[in-house]
Amino acid sequence: MESRYAQPLDLDELARTANYSRYHFLRAFRRAFHATPHEYLTRKRIERAKELLAQSELTITEICLEVGFESLGSFSTLFHKVVGWSPSIYRARAWEMRKNPLKFIPNCYVIMHGIQVSDPKE
């Protein structure tokens, strides 16, 4: 599942590969990963999408397809539900954080540790 996360999930094939029946595989997988195979795969796809949004210049549609989603709408809705921001807002925040990391340090932490932050007007 790690190397083929962008491909459709075939539960019967996964169970055969593990030499389990479909139902025993589901129980064993849930016990090991605290998620169903579908939930696990979705989590992996979202994690990879976050990496691509933060580090690449691919369009959101290209990223959606790259990580295995077939619909931009369902990808965006699920991404927002899991991450808390839409893919475009997540990307903007990630790029801004790379450009100006000190902007994202809470003021209480800056004061407590004496971190020098440039004047926000500059």
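Just so it is clear, none of the values below were taken in a lab; they were calculated from the coordinates. Note that the coordinates shown come from a computational prediction; the quantities given were computed from them, not determined experimentally. Note: ideal-geometry Cβ built from the backbone for every residue, glycine included; neighbour counts use all protein chains shown.
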Are there DSSP H segments in the chain that both extend 15 Å or more along their axis (alpha-carbon positions) and score a mean Kyte-Doolittle hydropathy of at least -0.5? List them, or say none. 72-83
So how many Lys-Lys pairs in the chain land under 18 Å Cα to Cα, not counting same-chain pairs under 8 apart? 5
Taking 0.36 nm per residue of sequence separation and subtracting the Cα-Cα distance, how much length would be gained by fully extending the chain between Glu62 and Thr17, in nm to one decimal? 13.2 nm
For Trp85, net neighbour charge (Lys/Arg +1, Asp/Glu -1) across residues whose Cβ lies under 14 Å away: +3
Suppose each label sits 7 Å from its Cα in the direction of the beta carbon; what would the Leu102-Gln7 distance come out to in nanometres? 4.9
Checking rank on 102-112, 84-94, 25-35, with mean other Cβ inside 10 Å and highest first, the result is 84-94, 25-35, 102-112
Magnitude of the Cβ-charge dipole of the stretch 11-113, K/R +1 and D/E -1, about the Cα centre, nearest 20 debye? 400
Given a Förster distance of 41 Å, report the FRET efficiency between Ala35 and Ile115 from their Cβ-Cβ distance, rounded to the nearest 0.05. 0.60
What fraction of the Cα pairs in the stretch 39-122, stated in percent, has a spacing above 21 angstrom? 40
Under the helix-only model (-39500 (n - 2.57) for each DSSP H run of 4 or more, divided by the residues of the chain), the mean residue ellipticity at 222 nm, to 500 deg cm²/dmol, is -19000 deg cm²/dmol
